[in-house]
1. Do you know which of the residues in segment 42-76 that are within 21 Å of ASN139 (Cβ to Cβ) and open to solvent by 70 Å² or more (accessible area, probe 1.4 Å) is modelled with the highest pLDDT?
2. Evaluate the following for GLY67: is it farther than 30 Å from LEU189 by Cα, in the same structural domain as PHE23 (by the TED database) and in a loop (DSSP other than H, G, I, E, B)?
3. Select from segment 86-113 the residues that are over 30 Å from THR173 (Cα atoms) and among the acidic types (Asp, Glu) and list them in ascending order.
4. Would you be able to tell me the number of residues in segment 89-108 that are open to solvent by less than 60 Å² (accessible area, probe 1.4 Å), more than 27 Å from LEU188 (Cα to Cα) and not in a helix (DSSP H, G or I)?
5. Of these, PHE163, PHE143, which one is in contact (Cβ under 8 Å) with a residue 12 or more places away in the chain, open to solvent by 40 Å² or more (accessible area, probe 1.4 Å), closer than 29 Å to PHE50 by Cβ and of a type outside the set (Ser, Thr, Tyr)?
6. Has segment 77-88 got at least one residue that is surrounded by 14 or more Cβ atoms within 10 Å (Cβ to Cβ) and either in contact with a strand residue (DSSP E or B) (Cβ under 7 Å, 6 or more places away or on another chain) or not hydroxyl-bearing (Ser, Thr, Tyr) (or both)?
7. Just wondering, is there one or more residues in segment 109-132 that are in contact (Cβ under 8 Å) with a residue 40 or more places away in the chain, crowded, with 18+ Cβ neighbours inside 10 Å, closer than 18 Å to PHE45 by Cα and not assigned by the TED database to the domain that holds LEU5?
Amino acid sequence: MSTLLFWRLIVADQSPENTKFLFDVGILLSISGFFFPPGFLLFGFLLFLFIYMRSVTLKGFILFLIGISLPLIVGVQLLYLIGQIEWINSYQSAFCMDFWDFPIWGLIPIGLLIILSWLDHLAQSATQDINKRQKYFLNFLYFTNWVIILILFAGENTDALAFLGLPLAIFLTRFTQYQKSNTVKEVLLWLYLATILGFYFWENLLEIYEDLLGNVAF
């Protein structure tokens, strides 16, 4: 839902005079936060966006409040009807600090690629259209907000890294696309693939290696 929310903001950026999109943003943020409570902290990203990058009218703000309230009201009513109202109590612990606890060192190559893509963007920003620069900046804000959320609340849930998927794809796709050498493009793609496979399947790969090594007689 957070990915749809971000995509809705990107599309709405093409017609900022349309305030109805704020209703959609409110609904998507509410649903995202309902299933993953720290997702509500994207409100910081939205607040910065609305204050510094567009003017929000009273009508737009009311639409946003209605959008964020409706799914919560419906969700609470459904929990009450099915007798699972105690599930709401888990929200208190959902915002307790649970710093991510997984081998982040395995993602260092991708982190370096992200930094290189940002530096490349800054170097080429003078030749880019202002709208493209603004959308890239939105990607950067969204990505940074989610990194902070995951650092504070992801714990051992490596699947939460999926929230970074869309901005990460935009960063690396642009960086790879404008490389002049096809060889460099291939190296970047294989490096990304190898890093992801190694990060998620490292233990499985070790087990396969140990099984093969254990079956070898000298």
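The values are calculated or read from the model by the stated rules, or taken from the named source; none is laboratory data. Source: prediction; values computed, not measured. Because the Cβ atoms are built from the backbone with ideal geometry, glycine has one as well, and the counts that use them run over all protein chains shown. Please note that ligands, DNA and RNA were not included when accessible areas were found on the heavy atoms of the full protein model with its side chains. Shrake-Rupley method; radii C 1.70, N 1.55, O 1.52, S 1.80 Å.
1. Only one residue tops the list, namely PHE43.
2. No: the conditions fail for GLY67.
3. GLU86, ASP98
4. 0
5. Matching residue, one of PHE163, PHE143: PHE163.
6. yes
7. Checked against the condition, which is being in contact (Cβ under 8 Å) with a residue 40 or more places away in the chain, crowded, with 18+ Cβ neighbours inside 10 Å, closer than 18 Å to PHE45 by Cα and not assigned by the TED database to the domain that holds LEU5, segment 109-132 yields no hits at all.
Residue by residue, here is whether (1) modelled with pLDDT of 85 or more; (2) of a type in the set (Val, Ile, Thr); (3) on the phi > 0 side of the Ramachandran plot holds:
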| position | (1), (2), (3) |
| --- | --- |
| ASN131 | no, no, no |
| ASN139 | yes, no, no |
| TYR142 | yes, no, no |
| TRP146 | yes, no, no |
| PHE153 | no, no, no |
| LYS180 | no, no, no |
| ILE196 | no, yes, no |
